[in-house]
């Protein structure tokens, strides 16, 4: 599998509008790295309040888009799909830096590499770029949980 369209993304991530922040996976190397995109439009629900006179995508959502990209890498690497019995939780962020604002009309490219996985914990290094220019970077951590029904 070298790419994912929106239907394949929806099969693997539990996120839905307005929280789904990945539109397409461009490249994926199972267990290693992923490259995905988010088309940022003026119709995003956060732009009227952030900020009306000069819309900017909130940095926390840029990081969330990278985290969703990382979760896709994990789901694909484990060959599992999102369901009520399994979840990835975003559990840590380190070294986050914001270099350039993401604006309406931008096509944000997220590149995430797996740096370590051990007993359900996954660590990644991620960057977000627009037109090849670095907008944000961070080290991310997720936890894979199998949810057991109450007895």
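List of remarks:
- Over the chain, DSSP H runs of length four or greater, each weighted -39,500 (n - 2.57), average out per residue to a 222 nm ellipticity of -5500 deg cm²/dmol.
- Against the chain, whose longest principal axis comes from its Cα atoms, helix 59-78 is set at around 30 degrees.
- Chain lengthening between residue 53 and residue 115 when straightened (0.36 nm per residue, less Cα-Cα): 18.4 nm
- Ellipsoid semi-axes in whole angstrom, largest first, where each is sqrt(5λ) of the Cα gyration tensor of the range 6-146: 25, 16, 13
- Spatial separation of Cα centroids for the range 6-79 and the range 111-133, in angstrom: 13 Å
- In this calculation the C-beta distance from residue 17 to residue 133 is compared with R0 = 25 Å, giving a FRET efficiency of 0.35.
Taken together, the values in this text are just the output of simple stated rules run on the coordinates, not laboratory data. The structure presented is a predicted model; accordingly, all values stated were derived computationally and were not measured. Neighbour counts run over all protein chains shown; Cβ positions are idealised from the backbone, glycine included.
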